[in-house]
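The next block holds one structure in the form of C-alpha cells; read it before the comments.
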Amino acid sequence: MYGDDATIRRILTELGDTWAVVGLSANEYRAAYGVSQVLQRFGKRIVPVHPKAETVHGERGYASLADIPFDVDVVDVFVNSGLAGPVADEAVAKGARAVWFQLGVVDPAAYERTRAAGLEMVMDRCPAIEIPRLS
C-alpha cells in the first residue's frame with residue numbers, strides 16, 4: 001500500500017494548498033481536468049504543468065515544474081508510470097512537500113527515492129476520490 005489514510009489526510013489538509021498538476025491541459029476529456037476542478041473546490045490552488053503551458057481553470061500553466069517561479073506544496077502526477085519517476089525527482093528538486101501519483105501511476109523505485117528525500121508520497125490513488133471518502 002502506497003499511502004495510508006493518515007498520509008493521505010496529511011497531504012490533503014496539512015501540507016499546503018498549492019498543487020502543481022503535471023499533465024494538466026485544457027483538454028476537458030482528460031482526468032486531470034476534472035480532478036483539478038475538485039481540488040479547486042476543496043480550496044487548492046492548482047498550477048497546470050504541461051508542455052503546452054496552457055492556462056486551465058483560470059490558472060497560468062508552465063511547461064515544467066522548474067519553470068514555476070514560486071513554491072509548490074504538492075505535485076500531482078497524471079503522466080504514465082514510465083514517465084512518473086523523473087517527475088517525482090523534479091518534485092524533490094523543486095522543494096515540494098509531497099508527491100501524489102494518480103490512479104494507475106505506479107513506480108515503487110520513485111516512491112522509495114521520494115520518501116528517502118523526506119517527502120510524503122501517495123501512489124495509485126486519486127484526491128477526487130479521497131477527499132469525500134475522508135471527509
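Numbers at a glance
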read-out: For region 106-113, 3J(HN,Hα) per residue [Karplus equation, 6.51 cos²θ - 1.76 cosθ + 1.60, θ = phi - 60°, Hz, x = Gly/Pro]; value: 9, 8, x, 5, 5, 4, 5, 4
read-out: Å² per residue, accessible surface of the chain at 1.4 Å; value: 47 Å²
read-out: Phi-based couplings in Hz for region 32-40 (Karplus 6.51, -1.76, 1.60; Gly and Pro marked x); value: 4, 4, x, 5, 5, 5, 4, 4, 4
read-out: Rounded percent of accessible protein surface that carbon and sulfur make up, the chain, 1.4 Å probe; value: 49 percent
read-out: Amide H within-cut-off set for Val47, under 5 Å, with H built and near neighbours excluded; value: Trp19, Ala20, Val21
read-out: The chain: equivalent-ellipsoid semi-axes (sqrt of 5 x gyration tensor eigenvalues, Cα, Å); value: 20, 17, 14
read-out: Calculated FRET efficiency for the pair Asp71/Glu112, C-beta based, R₀ 22 Å, to 0.05; value: 0.35
read-out: Pairwise FRET efficiency - Gln40 versus Tyr2, Cβ, R0 = 35 Å, nearest 0.05; value: 0.90
read-out: GluC sites (Glu not before Pro) within region 51-128: DSSP coil, no more than 16 neighbouring Cβ in 10 Å; value: Glu54
read-out: Whole-Hz ³J(HN,Hα) from phi, Karplus 6.51 cos²θ - 1.76 cosθ + 1.60, for region 97-105, glycine and proline x; value: 9, 7, 10, 10, 8, 5, 3, x, 9
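The values are calculated or read from the model by the stated rules, or taken from the named source; none is laboratory data. Just so we're clear, the structure is a prediction, and the values are computed from it rather than from any experiment. Counting neighbours? That spans all protein chains shown, and the Cβs are built from the backbone with ideal geometry, glycine included. These area figures cover heavy atoms from the full protein model, side chains too; ligands, DNA and RNA do not enter into them. Shrake-Rupley method; radii C 1.70, N 1.55, O 1.52, S 1.80 Å.
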